[in-house]
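The values are calculated or read from the model by the stated rules, or taken from the named source; none is laboratory data. Predicted model only: the values in this text are computed from it and were never measured. With ideal geometry, Cβ positions are generated from the backbone for all residues, glycine too; neighbour counts draw on all protein chains shown.
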There are 2 protein chains.
Amino acid sequence: MRFTETLTAIVVGLAASAEAVKVNPLPAPQSVTWGESGPKNVGWLELRTDARGSKNQRLVRDAFDRAYSTARKLQWVPQAIEEPILKYPEIPTGTGNEKREASSWLSGVDLKIADWDAELKHGVDESYDIKIEASSNSIKINAETVWGALHAFTTLQQLIISDGKQGLIIEQPVEIKDEPNFPYRGLMLDSGRNFITVAKIKEQIDGLALSKLNILHWHITDSQSWPIHLDKYPQVTKDAYSPREVYSNRDVADIIAYAHARGVRVIPEIDMPGHSASGWQQIDESIVTCVDSWWSNDDWPKHTAVQPNPGQLDVINEKTYDVVTDVYRELSGRFTDDFFHVGGDELQPNCFNFSLPIRQWFAEDPSRTYHDLNQHWVDTAMPIFTDEKNTGGRKDRRIIMWEDVVLSHDSSAHNVPKDIIMQAWNNGSDHVNKLTGMGYDVIVSSADFLYLDCGHGGYVTNDARYNVQENPDWEHPNFNYGGTGGSWCAPYNTWQRIYMYDFTRGLTDEQKEKVLGVAVTLFGEQVDDTVVSSKVWPRAAAAGELAWSGNRDPETGKKRATYMTQRILNFREYLLAVGVEAAPLVPKYCLQHPHACDLYYDQDAVE
Amino acid sequence: MRFTETLTAIVVGLAASAEAVKVNPLPAPQSVTWGESGPKNVGWLELRTDARGSKNQRLVRDAFDRAYSTARKLQWVPQAIEEPILKYPEIPTGTGNEKREASSWLSGVDLKIADWDAELKHGVDESYDIKIEASSNSIKINAETVWGALHAFTTLQQLIISDGKQGLIIEQPVEIKDEPNFPYRGLMLDSGRNFITVAKIKEQIDGLALSKLNILHWHITDSQSWPIHLDKYPQVTKDAYSPREVYSNRDVADIIAYAHARGVRVIPEIDMPGHSASGWQQIDESIVTCVDSWWSNDDWPKHTAVQPNPGQLDVINEKTYDVVTDVYRELSGRFTDDFFHVGGDELQPNCFNFSLPIRQWFAEDPSRTYHDLNQHWVDTAMPIFTDEKNTGGRKDRRIIMWEDVVLSHDSSAHNVPKDIIMQAWNNGSDHVNKLTGMGYDVIVSSADFLYLDCGHGGYVTNDARYNVQENPDWEHPNFNYGGTGGSWCAPYNTWQRIYMYDFTRGLTDEQKEKVLGVAVTLFGEQVDDTVVSSKVWPRAAAAGELAWSGNRDPETGKKRATYMTQRILNFREYLLAVGVEAAPLVPKYCLQHPHACDLYYDQDAVE
């Protein structure tokens, strides 16, 4: 095809620049320098370390074994490559018939870790470097901590590819120096709207580790169900969807251990005082309010919840705080991370009015507002959340809340401690700017860039808005035509939208320091085991690179979305190969024909 | 919960009406009459027929065995019920602990079929009735043809439920009289953009049969790949994505036989003369045009294709018709259905200009237009498509084309035979009206109601439109905010949108007679095995009921979307239980709490 030949010239041009890579690991390392002497064969790789009896020695060895055995099993043939097309005129198709020449053998990995005992926690050093030299038969890996070493392994496993003859090779010489731009790189999963099995949660953790995301933010409960066992209040799981749809203590420990072994922290969220009905109501009916109300009221200004079913904690009832203390204390003991998310989003004033104590509280002083009521919650609950008696003895407990607690127009609190981490979800970088300006550390989860559930249409039923038969033209979008189709957020965030997000836009350097990182978010109204992996992957990996090494070429400062394309298309196939059911992004034609599916021939169209 | 009790009164009210059902099969039968004497136990059911040696005797017995063994294996506990809540205060959760009393036993099925030998073809009688009487220990099924009997079995298997004690029961007495409103009820799958395995295609057929859809419209090839083997031109599958991603003759026969056994017709589509590059180019490069062009031209008015990669048949080159004849003749022999789809959509004038013969043809007579050029295709190709030498001897071959051949503003043909069936995809019922008014039989696939691929964002890369960082408010939607997000059609069509479509709106009775039915459509740019089932199901089942018994209550004439809710939520769980990976529509809370997730309490909100 003439077209392909023309394109080749372009790609060859690119290949001569600094971005030229032999293989294309994701996220792109901060720095990769390739030489020209060609591939080496990968023999049986022995891992040699300077562990000297660290408790983490086994963890590191297991991680290496996973990476290396995966590379051996996959015999990976890159499925989508950024290579010059002239050099590889036949696009590999995974049949393993291609042959690459390799002249010498690699037989070991020399791993040095400066601090073998550093714990997996916020801000731990995750840097590493990998060096393969023409003159050496070993791969040299240096890392500050074991958590950096784990990242080195996930890079290395993507570098080791098939030689087309049942053997493995690695392109070299190569030197990679790598570290994350942001310490918080997360995925939020929701097991409150629909249950997700332990096996499927582990599959997500596999994807997180491979794409160097390091946080599983687990939105465990919501008004719809309470799927986690509590020793103190075993009755809460009467509000699980079924006895099978419960996380036992052992399940939780299993998930945490699985994640820890892969460098992923598990941060629990118990959403309070909004989104609270199931579970709580089984402990004491008086601590929840408006659970009996009709959520939409058929009159939106009077709705008691933004979605069915309604329910909020009764923040005036003193019993509420006793129960909150018990629940928080037990889960602080079970979850090992320093961070704990206590929700705080989407409080509905109408819902609070279903509580007699709250109505009486307002009557006591007519100057009181819903802002004051939320302040009462913050003032009463925060001492519980920070009391070492409740944090399992942690002095360094950090609480995360959704931004609403300070930004909600009708119910924000006035005076919220500045050491609470705010998770921003509305208004893109404007709210990141506002929150960091207020002095808060911020996790960026802006819905119109980073929410993975957007654009799947609404789920509430008996909804006449779908019943419009008229068909406007494209110039005049409506609910059913070019519009949202009932999605609470729309459109669907494609990987390109996620990747191109400049989430620190307009921030001062001081404000940028307050940005901890990003988390993609998958609320679960239309998610369970059947679709969770395809809704998360490979899109979460775009966020992974965004937070790891950014969306811009380090030399030119230009957006590198077009160079990300083949990388993420290849990574999707890789995820699938290791058992993460990632969705296809394009016709396979596009991954077999680099850049043929670009909108613009001009490779600098995205700036 | 007070709310639940209030709702109960509503549901009890409904239960007293004609819609009250003991279980809730989908699609809703045309007529169900329940008595009050309570369930019977289902013993070992013997199938007794009046087959008298018909060739279809085995097919019917196999279908019965599938239905009955599924019912035995599932021990189904309805997961979402429309029953009065007071009568079932504990919502079943699939644990099988509920007990229902049954007093007597059913031990046989008496099946009578008037015409055992009627073939599965367009317009075959699909009616059936089922009768279970208090005085009888057998289930009586009558059908005109075996294809009606198969539908009776899929209804029956949904009626047989668990008794909570490892046994099965069926509510009775009951009399069901049923038949489809429309003979054509289809799903279009696309294996041209991405390959779908035979196993996954069979999974779709399982879903089709269960929801009484009777057509698999198989869009086999497209410009991106050619995945089907041809004896005459084995080189076409050089343009399959890999040697594994090819349908052999045996695969095709396997799919057709699997579908036939379940009452599903397989209609192949070879899209011509547009969407043509892969495969054709391997036979003869001169029969395709513009495959070397840059599809978007970085200047949209000059684009040569609506998506990458470009390619159209050279409709002036005489060799083209020789090859078309060979390909069509071979596939007419392989596919057994009377219908054959030859595409005809989205011709691009700019693409034709890459052909020297076409440019010369235009130069010969300056009055010629692209309309004339398409007329030349129709005039030359249609005799090939109808010639009995090419149809495998069929005299009753019917050709289907996309509506573009008569409605495209820049390239419609002038004079298109009225016996071609038009598949409508633009402008909702307006185009159904227009096409039936022109005298064509019409299959309705209106994109803004029935396309299952809408709303997943764009897939073309190097696209700066995603790079807008500004964040408007909801009053001002844009590409990335409340808009299409690059989806060629948007928003996502929810099951409610599909189900509420009045596709014969504004038609005269005579025009309505020309509507053959509906087909939901899943183009495959972002679809392969990982997501095909969850994108199709359970939404296709909403179209199934729409075409089978309609979206209105037969007595009141009002839309019955709110009554469909629990039926489709239950059906989704049923699909999952039989191995069809259908997506969740709602938080499970909604299926366990009938109507709690309605937007309006007023159950007549949808009219």
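Residues to consider are A:292, A:271; find the one that is charged (D, E, K, R), in contact (Cβ under 8 Å) with a residue 40 or more places away in the chain and in a loop (DSSP other than H, G, I, E, B). Before the answer, list the steps.
Details: A:271 fails: in a loop (DSSP other than H, G, I, E, B).
Unique residue meeting the criteria: A:292.
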Quick one: which residue in B:398, B:394 is touching a residue at least 60 places away in the same chain (Cβ under 8 Å), touching a His at 6+ places or on another chain (Cβ under 8 Å), basic (Lys, Arg) and more than 14 Å from every other protein chain (Cβ to nearest Cβ)?
B:398
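Quick check on my filter: what residues within region B:179-232 are small (Gly, Ala, Ser) and over 18 Å from the mean Cα position of the chain (by Cα)?
Looking only at region B:179-232, we keep the residues that are small (Gly, Ala, Ser), and these are B:186, B:191-192, B:199, B:207, B:209, B:211, B:223, B:225.
Of everything in region B:179-232, those that are small (Gly, Ala, Ser) and over 18 Å from the mean Cα position of the chain (by Cα) turn out to be B:223, B:225.
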Considering region B:110-135 alone, what residues qualify as being out of contact with any helix residue (DSSP H, G or I) (no Cβ under 8 Å at 6 or more places or on another chain) and touching a residue at least 24 places away in the same chain (Cβ under 8 Å)?
B:110, B:112, B:114, B:115, B:117, B:121, B:122, B:123, B:131, B:132, B:133, B:134
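Could you count how many residues in region A:35-52 are assigned to a strand (DSSP E or B) and surrounded by fewer than 16 Cβ atoms within 10 Å (Cβ to Cβ)? So that I can check it myself, show each step before the final result.
Within region A:35-52, the subset assigned to a strand (DSSP E or B) is A:40-49.
Then drop every residue that is not surrounded by fewer than 16 Cβ atoms within 10 Å (Cβ to Cβ), which leaves A:43-44, A:46, A:48.
So the count comes out to 4.
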Suppose we filter region B:333-376 for residues that are of a type in the set (Lys, Arg) and either out of contact with any helix residue (DSSP H, G or I) (no Cβ under 8 Å at 6 or more places or on another chain) or surrounded by 20 or more Cβ atoms within 10 Å (Cβ to Cβ) (or both); how many remain?
1
Out of (1) touching a residue at least 60 places away in the same chain (Cβ under 8 Å); (2) over 14 Å from residue B:334 (Cα atoms); (3) not aromatic (Phe, Trp, Tyr), the odd one out for residue B:230 is which?
(2)
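Filter region B:463-492 down to the residues that are at the interface with chain A (Cβ under 7 Å from one of its Cβ atoms) and more than 30 Å from residue A:506 (Cα to Cα), then identify the one that is surrounded by the fewest Cβ atoms within 10 Å (Cβ to Cβ).
Of the residues in region B:463-492, the ones at the interface with chain A (Cβ under 7 Å from one of its Cβ atoms) are B:463-464, B:466-467, B:469, B:471, B:477, B:480-487, B:490-492.
In the following step, the residues that additionally are more than 30 Å from residue A:506 (Cα to Cα) were identified as B:490-492.
Numbers: B:490: 31, B:491: 31, B:492: 27.
Within region B:463-492, the match that is surrounded by the fewest Cβ atoms within 10 Å (Cβ to Cβ) is B:492.
Please work out if residue B:473 is outside the structural domain of residue B:217 (by TED's automatic domain parsing) and either assigned to a strand (DSSP E or B) or free of Cβ contacts under 8 Å to residues at least 40 places away in the same chain (or both).
Details: outside the structural domain of residue B:217 (by TED's automatic domain parsing): yes; either assigned to a strand (DSSP E or B) or free of Cβ contacts under 8 Å to residues at least 40 places away in the same chain (or both): yes.
The answer is yes for residue B:473.
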Meets criteria (more than 7 Å from chain B (Cβ to nearest Cβ) and under 28 Å from the mean Cα position of the chain (by Cα)) for residue A:519:
yes
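Yes or no, residue by residue, for (1) modelled with pLDDT of 95 or more; (2) assigned by TED's automatic domain parsing to the domain that holds residue A:524; (3) charged (D, E, K, R); (4) more than 30 Å from residue B:583 (Cα to Cα):
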residue: A:161; (1), (2), (3), (4): no, no, no, yes
residue: A:164; (1), (2), (3), (4): no, no, no, yes
residue: A:167; (1), (2), (3), (4): no, no, no, yes
residue: A:171; (1), (2), (3), (4): no, no, yes, yes
residue: A:190; (1), (2), (3), (4): yes, yes, yes, no
residue: A:197; (1), (2), (3), (4): yes, yes, no, no
Please specify each residue of region A:447-462 satisfying the condition of being part of a loop (DSSP other than H, G, I, E, B) and at the interface with chain B (Cβ under 8 Å from one of its Cβ atoms).
A:455, A:456, A:457, A:458, A:459, A:460, A:462
Given the conditions (1) without any contact (Cβ under 8 Å) to a residue 12 or more places away in the chain; (2) surrounded by fewer than 24 Cβ atoms within 10 Å (Cβ to Cβ), and given that residue B:531 satisfies all but one, which numbered condition is not satisfied?
(2)
Sole miss for residue B:202 among (1) basic (Lys, Arg); (2) out of contact with any Lys or Arg (no Cβ under 9 Å at 6 or more places or on another chain); (3) within 14 Å of chain A (Cβ to nearest Cβ) is condition (3)
Which of the residues belonging to region B:222-253 are in contact with a Ser or Thr (Cβ under 7 Å, 6 or more places away or on another chain) and in a loop (DSSP other than H, G, I, E, B)?
B:223, B:224, B:225, B:226, B:227, B:229, B:240, B:241, B:242, B:243, B:246
Residue, farthest from the other protein chains (Cβ to nearest Cβ), within region B:281-312, restricted to residues that are closer than 28 Å to residue B:234 by Cβ and under 28 Å from the mean Cα position of the chain (by Cα)
B:312
Can you tell me which residue is farthest from the other protein chains (Cβ to nearest Cβ) among those in region B:406-435 that are surrounded by fewer than 24 Cβ atoms within 10 Å (Cβ to Cβ) and not in a loop (DSSP other than H, G, I, E, B)?
B:421
Name the single residue that is farthest from residue B:353 (Cα to Cα) among those in region B:372-420 being polar (S, T, N, Q) and in contact with a Leu (Cβ under 8 Å, 6 or more places away or on another chain).
B:408
When region B:175-185 is checked residue by residue, the ones that are outside any loop (DSSP other than H, G, I, E, B) and surrounded by 20 or more Cβ atoms within 10 Å (Cβ to Cβ) are B:176, B:178, B:184, B:185
Testing residue A:563 on (1) hydroxyl-bearing (Ser, Thr, Tyr); (2) more than 27 Å from residue A:205 (Cβ to Cβ); (3) crowded, with 24+ Cβ neighbours inside 10 Å, one condition comes back false. Which one is that?
(3)
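How about region A:527-607: which helices (runs of 4 or more DSSP H) wholly inside it have at least 2 residues that are under 29 Å from residue B:240 (Cα atoms), within 9 Å of chain B (Cβ to nearest Cβ) and of a type outside the set (A, V, I, L, M, F, W, C)? Can you show your working first?
Numbers: elements: A:532-536, A:539-548, A:561-577, A:588-592.
The qualifying helices (runs of 4 or more DSSP H) are A:532-536, A:561-577, A:588-592.
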Residues to consider are B:573, B:581, B:525; find the one that is closer than 30 Å to residue B:435 by Cβ, at pLDDT 95 or above and not aromatic (Phe, Trp, Tyr).
B:525
Every residue from region B:548-592 that is farther than 23 Å from residue A:307 by Cα and of a type in the set (Asp, Glu):
B:553, B:555, B:581
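Across region A:384-420, what is the number of residues that are touching a Gly at 6+ places or on another chain (Cβ under 8 Å) and within 21 Å of residue A:346 (Cβ to Cβ)? First the steps, then the outcome.
Step one: list which residues in region A:384-420 are touching a Gly at 6+ places or on another chain (Cβ under 8 Å), which gives A:392, A:401-402, A:404-405, A:418.
With within 21 Å of residue A:346 (Cβ to Cβ) added as a condition, the list becomes A:401-402, A:404-405.
Total satisfying the criteria: 4.
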I need a count of the residues in region A:573-602 that are without any contact (Cβ under 8 Å) to a residue 60 or more places away in the chain and among the charged types (D, E, K, R).
3
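Would it be correct to say that residue A:264 is under 24 Å from the mean Cα position of the chain (by Cα) and touching a residue at least 12 places away in the same chain (Cβ under 8 Å)? Step through it out loud before you land on a result.
On the way: under 24 Å from the mean Cα position of the chain (by Cα): yes; touching a residue at least 12 places away in the same chain (Cβ under 8 Å): yes.
Answer is yes for this residue.
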